[in-house]
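**Student:** Sharing a structure here in structure tokens format.
The values are calculated or read from the model by the stated rules, or taken from the named source; none is laboratory data. What you are looking at is a predicted structure, and each value in this text was computed from that prediction instead of being measured. Don't worry about glycine lacking a Cβ; one is built from the backbone with ideal geometry, like all the others, and counts go over all protein chains shown.
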Amino acid sequence: MALRFASLGSGSKGNGTLVASGDHCLLVDCGFTIKETERRMARLGLSPSDLSAILVTHEHSDHLSGVAPLARKYGVPVYMTPGTLRARDIGKLPRLHLIEGHQPFSVADIHVTPVAVPHDAREAAQFVFRSRGSSLGLLTDLGTVTPHVEEFFGDCDALLLEANHDPQMLAQGPYPPSLKRRVGGAYGHLSNQQAAGFLQRVGCDQLQHLVVAHISEKNNSVALAREALADAAERVANCIFACQQQGFDWLQIDKRDC
Ligand SMILES: [Zn+2]
Ligand SMILES: [Zn+2]
């Protein structure tokens, strides 16, 4: 079976994305309890015992809180950067693999390229996956789209992209000033307009799926994200908006014709 992906949920209350190819399945981040992860995975036809590995993007609890308990219960290998490991005391992991900087690695036949992103975490990495002739980029939790990020994520066949906040809603919203500055700053999160600008610069005609993700429930709305990304949404074959509760169902990425 081709490269495919699905989400357990997306947003500041917990993230988890499944990436599968053939018989192998990876979980990228886990911000849910064991019970909740089992429930959400069952919704997608899987159990944590089906996982080949868990990959961690960074130490914020919406991405990390469920990783160690799940890895311990099911004996799943975990991949993360040394900085992410040092940032929190998560106890012993049964099978830990440290990701070396920008060094690509493989889990079964899924090739993974970690990409450093500007975010207020110790050593954050986002990931590009390649398998069976197609590619997928998962890109959330970054304050700025750097040329480095554009180089790696600009040519994917499918993309999950953060559109975290609407700047006006963030400014007028309930967060204290310091948190507003953090979220809207260069090491915070992408706004709807930054996400749209990135897609405009790299072009998105080749995208089979665009998933707009990590949408803030306090500082954004799907309607505002949809409006800001309308041009891109029109040009991609399939554009969906991931939500906190439901995530999204399996999306298959077909081999690119070249
Ligand atoms: Zn996050
Ligand atoms: Zn974060």
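**Student:** Would you mind stating whether Asp155 is touching a residue at least 40 places away in the same chain (Cβ under 8 Å), among the acidic types (Asp, Glu) and touching a Phe, Trp or Tyr at 6+ places or on another chain (Cβ under 7 Å)?
**Tutor:** When the stated conditions are applied, Asp155 does not pass them.
**Student:** For the stretch 105-127, which positions are of a type in the set (Gly, Ala, Ser), surrounded by 20 or more Cβ atoms within 10 Å (Cβ to Cβ) and under 18 Å from Pro77 (Cβ atoms)?
**Tutor:** Ala125
Residue by residue, here is whether (1) under 16 Å from Phe5 (Cα atoms); (2) part of a loop (DSSP other than H, G, I, E, B); (3) modelled with pLDDT of 95 or more; (4) under 17 Å from the mean Cα position of the chain (by Cα) holds:
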site: Glu59; (1), (2), (3), (4): no, yes, yes, yes
site: Thr84; (1), (2), (3), (4): no, no, yes, yes
site: Gly137; (1), (2), (3), (4): yes, no, yes, yes
site: Thr144; (1), (2), (3), (4): no, yes, yes, yes
site: Glu151; (1), (2), (3), (4): no, no, yes, no
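**Student:** Within the stretch 159-202, track down each residue that is in contact (Cβ under 8 Å) with a residue 40 or more places away in the chain, surrounded by fewer than 16 Cβ atoms within 10 Å (Cβ to Cβ) and more than 16 Å from ligand 2 (Cβ to nearest atom).
**Tutor:** If the condition is that a residue be in contact (Cβ under 8 Å) with a residue 40 or more places away in the chain, surrounded by fewer than 16 Cβ atoms within 10 Å (Cβ to Cβ) and more than 16 Å from ligand 2 (Cβ to nearest atom), then Pro174, Gly197, Arg201 are the ones that fit.
**Student:** Out of everything in the stretch 159-218 that is of a type in the set (D, E, K, R) and not in a loop (DSSP other than H, G, I, E, B), what residue ends up being nearest to ligand 1 (Cβ to nearest atom)?
**Tutor:** Glu162
**Student:** Which one is farthest from Arg122 (Cα to Cα) among residues in the stretch 50-63 that are within 13 Å of ligand 1 (Cβ to nearest atom) and in contact (Cβ under 8 Å) with a residue 60 or more places away in the chain?
**Tutor:** Out of the qualifying residues, it is His63.
**Student:** In the set Gly45, Gly66, which member is within 16 Å of ligand 1 (Cβ to nearest atom) and closer than 18 Å to Leu8 by Cα?
**Tutor:** Gly66
**Student:** Can you report the number of residues in the stretch 81-114 which are free of Cβ contacts under 8 Å to residues at least 40 places away in the same chain and within 15 Å of ligand 2 (Cβ to nearest atom)?
**Tutor:** The number of residues fulfilling the criteria is 2.
**Student:** Being within 16 Å of ligand 2 (Cβ to nearest atom) and in contact with an Asp or Glu (Cβ under 6 Å, 6 or more places away or on another chain) is the filter here; which residues of the stretch 123-145 pass it?
**Tutor:** Thr140
**Student:** Sort out which residues of the stretch 105-121 are in contact with a His (Cβ under 6 Å, 6 or more places away or on another chain) and over 20 Å from His63 (Cβ atoms), and write them in order of number.
**Tutor:** Answer for the stretch 105-121, where residues must be in contact with a His (Cβ under 6 Å, 6 or more places away or on another chain) and over 20 Å from His63 (Cβ atoms): just Ala108.
**Student:** Step by step: first the residues of the stretch 70-80, then only those that are over 23 Å from Pro104 (Cα atoms) and crowded, with 17+ Cβ neighbours inside 10 Å, then the one that is nearest to ligand 2 (Cβ to nearest atom). Which residue is that?
**Tutor:** The selected residue is Leu70.
**Student:** Hey, can you tell me all the residues within the stretch 1-58 that are of a type in the set (Lys, Arg), surrounded by 17 or more Cβ atoms within 10 Å (Cβ to Cβ) and over 25 Å from Cys156 (Cα atoms)?
**Tutor:** Once the filter is applied, which keeps residues that are of a type in the set (Lys, Arg), surrounded by 17 or more Cβ atoms within 10 Å (Cβ to Cβ) and over 25 Å from Cys156 (Cα atoms), the stretch 1-58 yields only Arg40.
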